[in-house]
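**Student:** The structure follows.
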Amino acid sequence: MSTQALDWAAADGIFFAMGDATRRSIVRMVSEGPQSVSALAKALGVTLTAIAQHVQVLQGCGLLRTQKVGRVRLCQADPRGLDVLQQWVSITRQLWEARFDALDAMLDEED
């Protein structure tokens, strides 16, 4: 996989979103099943306005999607958002492994 295959801006957005403890808690909670915005606010002891802002960030980076059901806004995990992270990990692993292989080869030459 080439480094051009990764949307670096999308990866940055996900890392930014997951850099906040409240957003990580929201992702964990919706990974267990859909949650209403009000249920998230109550469980986390955060205002509805704050939760709505966190949800907007998570939606923006593709980790969460919402659906209005009557008067309730339900939040659910969007596993497609993890595709970018999986690509980032794969690319980073390949780069690191190549560096370690080069280091091993250099050390073997010294022996």
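**Student:** Among residues belonging to the range 1-48 that are touching a strand residue (DSSP E or B) at 6+ places or on another chain (Cβ under 9 Å) and among the β-branched types (V, I, T), point out the one that is nearest to Q94 (Cα to Cα).
**Tutor:** V27
**Student:** I need the full set of residues from the range 42-87 which are within 15 Å of the chain's Cα centre (by Cα) and among the polar types (S, T, N, Q), in order please.
**Tutor:** Correct list: Q56, Q59, Q76, Q86, Q87.
**Student:** Given the options D7, D12, name the one that is among the acidic types (D, E) and free of Cβ contacts under 8 Å to residues at least 24 places away in the same chain.
**Tutor:** When all the criteria are applied, what remains is D12.
**Student:** Can you tell me which of S25, S31 is without any contact (Cβ under 8 Å) to a residue 24 or more places away in the chain and at negative phi?
**Tutor:** Values: S31 fails: without any contact (Cβ under 8 Å) to a residue 24 or more places away in the chain.
Unique residue meeting the criteria: S25.
Values in this text are rule-based calculations from the coordinates and carry no lab data. Bear in mind the structure is a predicted one, so any value in this text is a computation, not a measurement. Note that each Cβ is placed from the backbone with ideal geometry, even for glycine, and that neighbours are counted across all protein chains shown.
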